[in-house]
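First the structure, in the form of structure tokens, and then the observations on it.
A short reminder: the numbers here are calculations on the coordinates, not readings from a lab. As the structure is a computational prediction, the values presented were derived from the model and not from experiment. Quick reminder, even Gly has a Cβ in these numbers, built from the backbone with ideal geometry, and neighbours come from all protein chains shown.
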Amino acid sequence: MVFMEMYCVLMYLSIFLCIDGSPVSVILFAPQHTPEGQPFQLNCSSNIAPVGQSAEFLINGETLTYVRRHKTMCFNTALGTKCRNGMCRCSLDGRSFAIYHKLSIVKTANDNFTCKMTFPNEMVVVSNAVSVSIRDFPTLIMNSSFRCKGPESVTLVCSLEGTPSEFEFIGWKHSFNGTFVRHLKGIKEGKFFFLLLNLCSYQDAGEYVCSLWYKVLKETVTVHTSTTLTILDKAVITEKSALRQGSNLDNVVFSVLFYSSSTIQSVEWFLENITMSFPSNDHNISQMSVYINMFGKTVEMNGFKSEMVTKNFNNLQNKYAICITNTYGKTCGEISYNEKIFDKDSSLNVFWIMLGVVIVVLVSGLITVTAILFIKRKKQTERLIYRIVSSNGNENQYIEPNAEHDVHLYEAGNRPYSELVPYQTTRVYETSHGYLEIQAGMDMDTSRPSSDNYEKVE
């Protein structure tokens, strides 16, 4: 707080004053030079909103006007009117106010401007003074419009008025209905800048901007001026189509979109070079937006649409044509029918049918792939279990090896394991009392191997 009070003391007798130890400033912004009769802006701002949210503007010490913000609106209280563009304005926070003013060399060539605001405790703060003088700034001069009758030529001329120490023409910019089309260099001759368009056509129509930079008071200023070029020529056909309609698709609607810079005088349809006559509602012309190509850029413009309906259409060999006549001539074009083109409803049905086929194919493929993977998985995990009863009466279970995963050190045949064979042995078993004892003198062939099979003696 002590620092702020010391700051206020140091800023005493300047445009800075203090309220409760806080510095308050009012600053006026305005250009030092302006062309005669051209409005310029005076902006009065403060870091704290003034009482009543208003500011007074003065010229050479005399009140010029007051600007005040009330609720959500801004007023010029001297005139008693609401502010509008190019007149005055207020900021939303009520701390900045502006007016537009212009100087006349008849009255004065140099004026001093200030502004002031009132704050709590009836403290009035006056801004810095700004001196504004009239200076003859360079300007560009060009006709507001040009015309060219196709396919003739036209030259656009842009000239510099004034004597800047240094200047340079930048170039030409071509656009149509706000859409940029191209940049053009032009021809420079002193203070004149030319643009020559040979064999003008509908693509040359639109707005052309001439640009130039110059230096004044060590500053570089860029200025522009524009003109409109209108092409006077025959109509231009932009789109042709033929679509079937009707419940049985037995009618065909031929449509043509076109653009014309002048009034349409007539539109005629022809069949085999014979002018067609139509009952009511079978032929009509309406206004609509059309799209046209201008040096590779697609632009939108106001155009027309002509439709012709042929009922019970069954002859695909007939040749249809249209001729459009305006002030500058006649434009004709042939229209052919393509059986692959249907009306919107039939096209939509074909779309849904094709979509259904695609879905069925995808689902079938998914089911097939899933089944194959399931079968393969089942084969990998399935094992056969065999039961083998040993001689001692115990039952053992053996799982068949998996040929795909089990690794064997021996070569397997048709089956991955050896076949079971009857149990054989050379051991001599003790016979029970149900059999005769072997007596001495009985013929015994000890060279033959013993067997587990014995013959019972009767």
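The stretch between Ile367 and Gln32, if pulled fully straight at 0.36 nm per residue, gains 112.4 nm over its current Cα-Cα span.
Between Arg147 and Glu168, full extension at 0.36 nm per residue minus the direct alpha carbon distance yields a gain of 4.9 nm. Legend: calculated FRET efficiency, Leu355 to Glu300, from the Cβ-Cβ distance at R0 = 41 Å, rounded to 0.05, equals 0.80.
Were the residues from Ile274 through Ser104 laid out at 0.36 nm apart, the gain over their Cα-Cα distance would be 54.2 nm. The distance between label points at Thr63 and Ser91 comes to 2.4 nm (points 7 Å beyond Cα on the Cα→Cβ vector).
Working from the alpha-carbon coordinates of region 132-248, get Rg over Rh, Rh being the Kirkwood radius.
We get a ratio of 1.21 for region 132-248.
Report the FRET efficiency, 1/(1 + (r/R0)^6), for Ile187 and Lys330, where r is their Cβ-Cβ distance and R0 is 25 Å, rounded to 0.05.
Details: r = 36 Å, r/R0 = 1.43.
Result of the calculation: an efficiency of 0.10.
Once the Cβ-Cβ distance between Phe40 and Thr155 is put in as r, and R0 is 41 Å, what FRET efficiency do you end up with, to the nearest 0.05? It would help to have the intermediate numbers written out before the result.
On the way: r = 35 Å, r/R0 = 0.86.
That pair, Phe40 with Thr155, gives E of 0.70.
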